[in-house]
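One structure below.
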Amino acid sequence: MFNLDHFIENCTGQPASAVQELLAEALRDPVSVKQALDAVAPGKDIAKASVGDMVYFRSPTLTILKAAVPPKFKTPPHNHNMWAVIGVYDGQENNTFYRRRGSTLEKAGSKDLKTGDTIVLGEDVIHAIENPLDRPLLAIHVYGGDFLDTSKRSVWNPFTLEEHPYDFKVVMDYARQLMAQ
């Protein structure tokens, strides 16, 4: 049975590779992960939750949160400027990766994560995500820093690939435009 407190304790001070091993082990039983995380916030409707509502642990060196991504949701390209380990416990997360090319971006590959899959994103990764399904995507995100401090992050206009300082309202505006296409 997945225990969130033990998971947080075991992740603290660990590199991304060790966190990925811990998360992969936990996701051998995705139902247990879902039950444990739902028990932390019983009665919450994930469709109405915000990222702040789903943070389980936050420190200057580690953030652990539940990502609840609505059906058909798409993000613009963005970075984290810290390593991240993503583990899907219900649904699918399609990642498109980018690399800098001068003052713009170019696509550099993709990776689709399904229930039970994990991925490590390095500090310099730029990606966009999409939930291609007709139901919410649920994942654990573990970051090697304070994910909610967005002062050093960027978001790119998904149509022009111009870089801008990260702003959640801008991200959501771009997301609405992408989903309207």
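Of interest is the spacing of the C-alpha centroids, which for the range 69-120 and the range 139-173 amounts to 12 Å. Pairs over the 25 Å Cα-Cα cut-off, from the set Lys34/Lys169; Lys34/Lys152; Lys34/Lys111; Lys72/Lys152: Lys34/Lys169; Lys34/Lys152; Lys72/Lys152. Label separation (Lys169 vs Ser110): 3.2 nm, computed from points 7 Å beyond Cα along the C-beta direction. Listed from fewest to most Cβ neighbours within 10 Å, the set Thr96, Thr118 follows the order Thr96, Thr118. Ordered by the number of other Cβ atoms lying within 10 Å of each residue's own Cβ, fewest first, Val125, Val55 fall into the sequence Val55, Val125.
Starting from the Cα gyration tensor of the range 4-180, multiply each eigenvalue by 5, take the square root, and state the resulting semi-axes largest first in whole Å. Write down the numbers at each step before the final one.
Numbers: eigenvalues 125, 68, 47 Å².
In descending order the semi-axes read 25, 18, 15 Å.
Straight Cα distances below 16 angstrom link Lys107 to the aspartates and glutamates Asp124, Glu130, Glu162, Glu163, with same-chain residues fewer than 8 positions distant left out. Relative to the current alpha-carbon distance between Lys34 and His6, full extension at 0.36 nm per residue lengthens the span by 8.5 nm.
Taken together, the values in this text are just the output of simple stated rules run on the coordinates, not laboratory data. Note that the structure is predicted; figures quoted are calculated from it, not measured. Reconstructed Cβ throughout: ideal geometry from the backbone, glycine too, with neighbour counts over all protein chains shown.
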